[in-house]
1. Which members of the range 24-44 meet the condition of being in a helix (DSSP H, G or I) and among the hydrophobic types (A, V, I, L, M, F, W, C)?
2. How many residues are basic (Lys, Arg) and over 20 Å from Ser21 (Cβ atoms) if we restrict to the range 34-61?
3. Out of (1) at pLDDT 95 or above; (2) among the small types (Gly, Ala, Ser); (3) surrounded by fewer than 19 Cβ atoms within 10 Å (Cβ to Cβ), what's the single condition that is false for Ala31?
4. Looking for something surrounded by 11 or more Cβ atoms within 10 Å (Cβ to Cβ) and at pLDDT 70 or above - is there at least one such residue anywhere in the range 81-93?
5. Please count how many residues of the range 45-66 are assigned to a helix (DSSP H, G or I) and either among the hydrophobic types (A, V, I, L, M, F, W, C) or more than 22 Å from the chain's Cα centre (by Cα) (or both).
Amino acid sequence: MALLLREALGDSLRRTRVSQSRTLREVSSSARVSLGYLSEVERGRKEASSELLAAICDALDVPLSDVLFDVSESLADRTLQHAGADVVMPGTYAGSDAAHSESETVDAALLTQDPLLAQDSLITQETRVVIPAPAARALAAA
């Protein structure tokens, strides 16, 4: 099931509020929105208008652009998960432990030619290098 924009926005707002150790009551009072409505927004049950989002972000003292950036990353991560992408974290191996047998290791001559490769004694044919796309912030700063 796809993650809806309102759910991602609510998750981001809730994470921000909780990270600040603030209650719904505090934020709703500061944003001048009912506690129940803010709760519904955080749970992704209600679509927040741009004016309401701006008021909530002001109450949380966080730029709306930061919330939208967080939402964008959440949606992108969710898209990758749904696409069945085989994402490999740095320093990990794709595939099973059986794929790391010595018979599948890169030729020892190759390891001795490159001192950086020699540092990792088990480089298999199943090893993949994943270079993440640059974050939007990095692109904006460039």
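The values are calculated or read from the model by the stated rules, or taken from the named source; none is laboratory data. As the structure is a prediction and not an experimental result, all values here were calculated from the model. Methodologically, a virtual Cβ is constructed for each residue, glycine included, from the backbone with ideal geometry; neighbour enumeration extends over all protein chains shown.
1. First, pick out the residues of the range 24-44 that are in a helix (DSSP H, G or I): 24-31, 35-42.
Correct list: Leu24, Val27, Ala31, Leu35, Leu38, Val41.
2. Going residue by residue through the range 34-61, those that are basic (Lys, Arg) are 43, 45-46.
Then drop every residue that is not over 20 Å from Ser21 (Cβ atoms), which leaves 45-46.
Within the range 34-61, residues that are basic (Lys, Arg) and over 20 Å from Ser21 (Cβ atoms) number 2.
3. (3)
4. Within the range 81-93, none of the residues are surrounded by 11 or more Cβ atoms within 10 Å (Cβ to Cβ) and at pLDDT 70 or above.
5. Number satisfying all stated conditions: 12.
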